[in-house]
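What follows is one structure encoded as structure tokens, with my remarks underneath.
The values are calculated or read from the model by the stated rules, or taken from the named source; none is laboratory data. Everything numeric in this text was worked out from a predicted model, so none of it was measured. Neighbour counts run over all protein chains shown; Cβ positions are idealised from the backbone, glycine included. Just so you know, the surface numbers come from the protein's heavy atoms only, side chains and all, with ligands and any DNA or RNA stripped out. Shrake-Rupley method; radii C 1.70, N 1.55, O 1.52, S 1.80 Å.
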Amino acid sequence: MEPKLSSDLLRGHTDTVVLASLLHQDRYGFEIYNTILERTGEQYELKEATLYSAYKRLERDGFITSYWGDETRGARRKYYHVTGKGRELYRQNKLDWQFTRKILNDLLGEDL
Amino acid sequence: MNIEEHIDAMFAGYADNASMKDFREELCANLTEKIESLKNRGLDEDAAMKKALGELGDISVIADELSQKKRREVFEIMYMNTRNYMSSRRVLLFVLCGAVLGFAVIASVLGWMYSKEAGAAAGSLMVFGIPPACGLIFLSLTQETAGKEAMSWKRALMYSADAAVFLFGTAVFWMTYLNGPNGLADAVAVLIPFVLPSAAFGAFLVLTETDRSKPWVTALRKEALERENELFESLSQERRFELLSGALWIAAAAGFVLLTMTLGIKFSWLSAVAAVVCQMLLVSAFIKK
């Protein structure tokens with residue numbers, strides 16, 4: 001059988017995924033969504049509502065800030081910017097994940 | 001439906017506050033762009049819209065959070081949703097009381113037209129009208145609505161009994177006045193045993209009434225009050241504003257009378273216009289910068 005992506009597992013890391021996409025530049029909603037989709041080779045059926053919830057949560061806790069862009073044409077875009085606190089959270093979450101992955105690999109390995 | 005209409009539908013029933021507007025604009029911009037990009041990839045308008053909305057998922061959690069379930073028209077909901085709280089037995093009783101009351105009115109009008117006796121009309125209104133009127137009072141007080149808890153049936157019963165005595169006294173007053181040998185003198189005397197005590201007891205009931213509003217209505221009312229208070233720098237500023245507004249309108253009334261006496265009614269309305277203008281200036285001077 002084809003392997004498939006565990007949505008539940010990924011959803012638990014939405015905040016970190018959003019932070020990762022903002023590390024190098026500020027982005028707006030559609031752009032963040034696209035970045036995530038491209039990186040997963042469009043295999044992950046991510047609901048945008050989940051992302052919006054993540055933005056609200058991250059902004060409320062001071063991990064990201066938002067501002068309106070000054071588009072001359074078309075609708076205004078709301079950009080998100082990762083804060084120092086957000087970068088710190090990203091680093092910590094990444095370390096946690098690497099550790100968890102190692103443990104899981106050990107647990108799921110065949111030579112138990 | 002275009003994208004804005006879809007978004008409107010998604011947020012229908014949620015109050016429009018600043019953060020909600022902000023979120024709607026963000027959502028609209030992102031969805032529009034997404035639909036454009038889907039169309040560039042060869043999807044037609046409808047399919048692109050459907051795909052975009054499908055991938056959006058359920059935004060109600062965010063909307064709930066943003067609006068804190070502030071509903072647009074408190075009073076609309078308070079009264080429109082009453083039906084949800086009414087059993088069919090209560091509906092039947094309401095209708096029955098209404099019908100009997102209607103019958104009482106018709107009977108008394110007919111009685112008056114045929115007999116030309118106002119006393120007879122008042123009599124039939126008393127006999128057929130008072131019971132259903134009291135029934136309606138009892139039913140509406142003990143009716144739970146979306147915004148109000150029901151009154152206890154004992155207290156509601158006191159209200160309707162009090163109303164019965166009051167209405168009976170009023171009817172007796174009219175009948176004595178119209179048919180009695182001494183006219184008004186007897187009629188006024190009749191007020192003492194019925195109308196007076198029932199009015200006093202009614203006033204007592206109203207003054208000792210507790211607020212039966214449901215918690216969400218109380219919370220909303222408090223919020224509205226706070227919003228109003230926020231407009232002013234301090235409580236003393238607000239008090240000063242109220243006093244000045246009061247003085248302004250008393251002056252306007254005086255000006256109206258004065259202008260009517262000196263220049264005539266043709267010009268006196270100008271004092272009301274001047275007062276409105278002054279009130280606006282007062283508001284703009286007092287509201288927090």
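Could you tell me whether the protein assembly as shown comes out rounded, prolate or oblate from its Cα gyration tensor? Rule is a ≥ b ≥ c as square roots of the eigenvalues, rounded for a/c under 1.5, then prolate if a/b exceeds b/c, otherwise oblate. Prolate shape, in that a/c is at least 1.5 and a/b is the bigger ratio. Would you mind classifying the range B:231-286 by shape? Square roots of the alpha carbon gyration tensor eigenvalues, ordered a ≥ b ≥ c; an a/c under 1.5 is rounded, otherwise it is prolate if a/b is larger than b/c and oblate if not. Prolate shape, in that a/c is at least 1.5 and a/b is the bigger ratio. Peptides B:115-127, B:6-18 ranked from most to least packed by the mean count of surrounding Cβ atoms within 10 Å: B:115-127, B:6-18.
Interface B-A: total buried accessible area of about 1700 Å², 1.4 Å probe, protein heavy atoms only. Each residue of the range A:35-46 was assigned a 3J(HN,Hα) from its phi angle through the Karplus curve 6.51 cos²θ - 1.76 cosθ + 1.60 (θ = phi - 60°); the sequence is 4, 5, 4, 5, 5, 8, x, 6, 8, 9, 7, 8 Hz, with glycine and proline shown as x.
What chain B shows is 62 Å² of accessible area per residue, with the surface traced by a 1.4 Å probe over protein heavy atoms. According to the Kirkwood relation over distinct C-alpha pairs, the hydrodynamic radius of the range B:3-71 is 12.7 Å. For the range B:174-191, putting each phi into the Karplus relation 6.51 cos²θ - 1.76 cosθ + 1.60 with θ = phi - 60° gives couplings of 5, 5, 5, 5, 7, 10, x, x, 9, x, 4, 4, 5, 4, 5, 4, 5, 4 Hz, in residue order, rounded to whole numbers and with x for Gly and Pro. Taking all protein chains as shown and a probe of 1.4 angstrom, B:L259 keeps an accessible surface of around 50 Å².
With R₀ fixed at 56 Å, the C-beta to C-beta distance from A:E88 to B:E233 puts the FRET efficiency at about 0.90.
Here the protein assembly as shown carries DSSP beta bridges of which approximately 100% are antiparallel, counting only pairs with both residues inside.
Extension gain for B:V283 to B:L157 (0.36 nm times residue separation, less C-alpha to C-alpha distance): 40.7 nm. Amide H contacts of B:K148: B:K214, each under 5 Å away and 5 or more positions distant or on a separate chain (H built 1.01 Å from N in the peptide plane; Pro and chain starts excluded). Phi angles across the range B:225-236 convert, under the Karplus curve 6.51 cos²θ - 1.76 cosθ + 1.60 with θ = phi - 60°, into 3J(HN,Hα) values of 5, 5, 4, 5, 5, 4, 5, 9, 4, 8, 5, 5 Hz, Gly and Pro given as x.
Using the average count of surrounding beta-carbon atoms within 10 Å as a protection proxy, the listed peptides B:238-245, B:207-214 rank, highest first, as B:238-245, B:207-214.
If you roll a 1.4 Å probe over the range A:8-108 with all protein chains in place, what percent of the accessible area is carbon or sulfur? Reported share for carbon and sulfur atoms: 51 percent. Solvent-free Debye calculation, one equal scatterer per alpha-carbon of the range A:8-108: log10 I(q)/I(0) at 0.11, 0.20 Å⁻¹ equals -0.36, -1.07.
Accessible surface comparison of A:S21, B:S284, probe 1.4 Å, protein chains only, largest first: the order is B:S284, A:S21. A Förster radius of 30 Å, combined with the Cβ-Cβ distance separating B:L43 from B:A9, puts the computed FRET efficiency at roughly 0.90. Summarising the amide proton neighbourhood of A:D61: residues at separation of 5 or more, or on other chains, whose placed amide H is nearer than 5 Å comprise an empty set. Distance between the pseudo-spin-label points of A:R76 and B:V127 (7 Å out from Cα toward the beta carbon): 7.3 nm. Across peptide B:55-65, the mean count of Cβ atoms from other chains lying within 10 Å of each residue's own Cβ comes to 4.
Over the heavy atoms of B:M86, what accessible area does a 1.4 Å probe trace out, to the nearest 10 Å²? Taking all protein chains as shown, B:M86 has close to 50 Å². Counting Cβ atoms of other protein chains within 10 Å of each residue's Cβ and taking the mean over peptide B:24-34 gives 6. Which of A:K56/B:K222; A:K78/B:K39; B:K50/B:K222; B:K21/B:K50; B:K51/B:K214; A:K47/B:K39 have a Cα-Cα distance over 30 Å? Listed pairs above 30 Å: B:K50/B:K222; B:K51/B:K214. Ranking of B:W269, A:W68 by solvent-accessible surface, largest first: B:W269, A:W68 (1.4 Å probe, protein heavy atoms only, all chains present). For B:V188, the solvent-accessible surface computed with a 1.4 Å probe is close to 70 Å², ligands and nucleic acids excluded. If you sort the three axes of the alpha carbon gyration tensor as a ≥ b ≥ c, you get a/c of 1.5 or more for the range B:81-213 and a/b no higher than b/c, which makes it oblate.
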